[in-house]
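Only the coordinates and a few stated rules stand behind these numbers; no lab work does. Please read all numbers here as calculations on a predicted model, not as lab measurements. So basically every Cβ, Gly included, is an ideal-geometry build from the backbone, and we count neighbours across all protein chains shown.
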Amino acid sequence: MKEFLLLIRENADYGDLSVEDMQADIQEHIKWVETLVENGNFKDGNPLDSAGVTLKDGIATDGPYVETKECVSGYYFLLANSLDEAKELAKGCPDLKRGATLEIRRIINTDEEQH
């Protein structure tokens, strides 16, 4: 299987959910990940802190891209046979219900690509 990185992009205020909504969101993610694990499509995944630093031309800027008010809120490391299969798997991500944008990229294993 090939490896894919699924990046979750959301509004920078994505963490402003009520405790109840946050717990419900966590449960939805657990169910989705359990399905991925059962089918051999899950390798790793975690939420990311909304605070961060962006570097460009040697200059550091705090936080997500201020002009877009969007940040990468988490990631999943998926296993799939193709980009199309990874896309189908990503359609089950609970963050889509809250308006998140998902970006899927194949991870190129440089050891394999060189042979």
Note to self: Under 24 Å between alpha carbons: how many lysine pairs meet that in the chain, if sequence neighbours fewer than 8 apart on the same chain are excluded?
What the structure shows: 15
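Would you mind giving the three semi-axes, in whole Å and largest first, of the ellipsoid equivalent to the stretch 1-104 according to its Cα gyration tensor?
Details: eigenvalues 126, 69, 23 Å².
They are 25, 19, 11 Å, listed from largest to smallest.
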Notebook entry, point to check: When the chain is modelled as a GNM with alpha-carbon springs shorter than 10 Å, which of LEU48, LEU89, LEU17 fluctuates the most?
Noted result: LEU17
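Please check the chain for the longest run free of trypsin sites (Lys or Arg not before Pro) that are loop-located per DSSP (anything but H, G, I, E, B) and have at most 12 other Cβ atoms within 10 Å.
The longest such stretch corresponds to 1-68.
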